[in-house]
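The values are calculated or read from the model by the stated rules, or taken from the named source; none is laboratory data. As the structure is a computational prediction, the values presented were derived from the model and not from experiment. Cβ placement follows ideal geometry from the backbone for every residue including glycine, while neighbour counts extend to all protein chains displayed. The protein model used for the area step is the full one, side chains on, heavy atoms only, and it has no ligands, DNA or RNA in it. Shrake-Rupley method; radii C 1.70, N 1.55, O 1.52, S 1.80 Å.
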Amino acid sequence: MRTKNSKPFTRGESAHIEAVKSVACAVCDAPPPSAAHHINQGDHYTTVALCWECHQGKQGWHGDKTLWRIRKMDELDALNITIGRLHG
């Protein structure tokens, strides 16, 4: 979701976001489509493929992060998995 103050996506950024959404969740391996979680708002190339539960669910990244702690993961771990799936 874009905020009202965010700059428009470039063609390359849009393509990258769509590619991220087309891979499985980097945390629990739920099948696509995934959400594209931005590690830093506005940095469209550092996005992680996450299912709804791992992203916005009660135990997800924007919740209490229980799912992430159980798997001993942080955003960089998930980014590495996402990039590997995009280019693997």
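Any residue in region 49-61 that is charged (D, E, K, R) and at pLDDT 95 or above? Let's see the steps before the verdict.
Taking region 49-61 and keeping what is charged (D, E, K, R), we get 53, 58.
Within this subset, residues satisfying the condition of being at pLDDT 95 or above are 53, 58.
Checked against the condition, which is being charged (D, E, K, R) and at pLDDT 95 or above, region 49-61 yields at least one hit.
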Point to revise | Test for H16: is it modelled with pLDDT of 95 or more and out of contact with any helix residue (DSSP H, G or I) (no Cβ under 9 Å at 6 or more places or on another chain) | key: no
Check your understanding: Looking at this structure, is E75 in contact with a Gly (Cβ under 6 Å, 6 or more places away or on another chain) and of a type in the set (D, E, K, R)?
Key -> no
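If you take the residues of region 34-74 that are hydroxyl-bearing (S, T, Y) and surrounded by 15 or more Cβ atoms within 10 Å (Cβ to Cβ), which of them is nearest to A24 (Cα to Cα)? It would help to see each step written out before you state the result.
Here is the first cut: in region 34-74, the ones hydroxyl-bearing (S, T, Y) are 34, 45-47, 66.
Checking which are surrounded by 15 or more Cβ atoms within 10 Å (Cβ to Cβ) leaves us with 34, 46-47.
On the way: S34: 6, T46: 16, T47: 13 Å.
That would be S34.
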Review point. When both residues are 6+ apart or on different chains and their Cβ atoms are under 9 Å apart, which pairs have a first residue that lies in region 7-18 and is surrounded by 11 or more Cβ atoms within 10 Å (Cβ to Cβ), and a second that is small (G, A, S)?
Key: H16/A36; I17/A36; E18/A36
Revision key, fill the gap. Within region 75-88, residues being open to solvent by 60 Å² or more (accessible area, probe 1.4 Å) and over 12 Å from A24 (Cβ atoms) number 5
